[in-house]
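What follows is a short report on a single structure.
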Amino acid sequence: MTVTLTFHPLNNADSTRIDLKDGRKLLVDYADMRNPNDAADPCIDLPTALRNDLRAKARDYFDVVLFTHLDADHTMGAGDFFHFERWTSYQGNGRIKMKELWVPAAALTEEGCEGDAKIIRQEARHRFIQGKGIRVFSRPGRLRKFCEDNGIRLEGRLHLITDAGKLVPGFDDLNAAGGVEIFIHNPLAWRLNDREVEERNEDAVVFQAVFREGMTDTKVLFASDVNADTLSHIVQTSKRHKNEDRLRWHVFKIPHHCSYKSLNCNDKGVDKTTPIEDVRWLCEEQAEPRGIMVSTSEINPGKGSERDKNVRPPHRQAAAYYEDVAAEVDGQFEVTMHHSPRRNPKPCQVSITTAGASFVATAALPSDYVAATPMRAG
């Protein structure tokens, strides 16, 4: 089997399916953003797309479902789609099971959650208390208090916790059948301990996945929705521990739907965002030749358009920077919604083989979009 990364067109939202060569399936985030009453909605029918893929493999579960954080653009509709062990009312009726639920520590300790975020939080708490079917990333002081409040010992749950700077158990051997390593960069527990409350974006899971095909290792960086300051902390921490190789990338799922704040929190720029130094190093010096950058976002706004005035991403200034980075390494900058025809939304994919990574647009492009010549990375 070929390793594939499937990016679903969901406007400014995330859901990426990872298919490993040993047959395991991972889902990174789930956000059903489509309006079922709008036939022209360009967002994919995510629950149908995922169910069809699972049905083709005669299964009703994902091996892993990772919620990088609990914002709606990463959790929307999860309460209607997944089987939750905590409640019988959230089971059956074709719901999709999660063999393992992965969450940042903040997903357990956060208060005031509502809707899908609350359902996921309660499921995570239930599994953590039960001691099975979950992996938690980072262990800040508040997690110890959570354990004390629920009559369990943190030391008895350490096998369920992976700190930043570590490989995930079961995803830590490039020579095993799955041929994958997943290395966690964020959340950083020491940063969590410095704050009184969680910050969902900055406490989100950031990781590097390495896939081995034959003699070729392909590195993929998933940056969730963190901002430039958090990326700077990740870079500095990696350098301090001599883990710079864990930040190299052939494929970069860029952060926060092409927001300028993931490059520079304070300065959008007029026509192009200038990143802070650590982020520049990450984007430019850690890129492998013919690297592929993927923005899970709407089509970038034109200069002076109404959307260009919006505070929310995507920002054309950030896109201009990423496009320059991709051009410098003879690579590609791709936007998920560029590849989603309005009446038949389809995902796009990155295929990983012994030749490296290649971007595959699985749908016809909009008539006003001019694509670069397809490249391979690796």
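For (1) outside any strand (DSSP E or B); (2) at pLDDT below 95; (3) within 30 Å of Asn150 (Cβ to Cβ), each residue gets a yes or a no:
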residue: Ala31; (1), (2), (3): yes, no, yes
residue: Asp38; (1), (2), (3): yes, yes, no
residue: Val64; (1), (2), (3): no, no, yes
residue: Gly79; (1), (2), (3): yes, no, yes
Out of the residues in region 331-357 that are free of Cβ contacts under 8 Å to residues at least 60 places away in the same chain and closer than 30 Å to Gly178 by Cβ, which is surrounded by the fewest Cβ atoms within 10 Å (Cβ to Cβ)?
Glu334
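I'm checking my understanding of the structure. Among residues of region 54-81 that are in contact with a His (Cβ under 9 Å, 6 or more places away or on another chain) and over 11 Å from Lys97 (Cβ atoms), which one is surrounded by the fewest Cβ atoms within 10 Å (Cβ to Cβ)?
Within region 54-81, the first condition is being in contact with a His (Cβ under 9 Å, 6 or more places away or on another chain), and the residues that meet it are 60-61, 67-68, 73, 75.
Narrowing the set further to residues that are over 11 Å from Lys97 (Cβ atoms) leaves 67-68, 73, 75.
On the way: Phe67: 29, Thr68: 30, Asp73: 19, Thr75: 28.
For region 54-81, the residue satisfying everything is Asp73.
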Please work out which residue is farthest from the chain's Cα centre (by Cα), limiting yourself to region 200-241 and to residues that are closer than 20 Å to Glu284 by Cβ and charged (D, E, K, R).
Lys239
Restricting attention to region 223-252, which residues are surrounded by 24 or more Cβ atoms within 10 Å (Cβ to Cβ) and of a type outside the set (A, V, I, L, M, F, W, C)?
Ser224, Asp225, Thr230, His250
Quick check: anything in region 120-129 surrounded by 23 or more Cβ atoms within 10 Å (Cβ to Cβ), modelled with pLDDT of 95 or more and in contact with a Ser or Thr (Cβ under 8 Å, 6 or more places away or on another chain)?
yes
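The values are calculated or read from the model by the stated rules, or taken from the named source; none is laboratory data. In this text, all values refer to a predicted model and were calculated from it rather than measured experimentally. Positions of Cβ are generated from backbone atoms using ideal geometry, with glycine treated the same way; all protein chains shown enter the neighbour counts.
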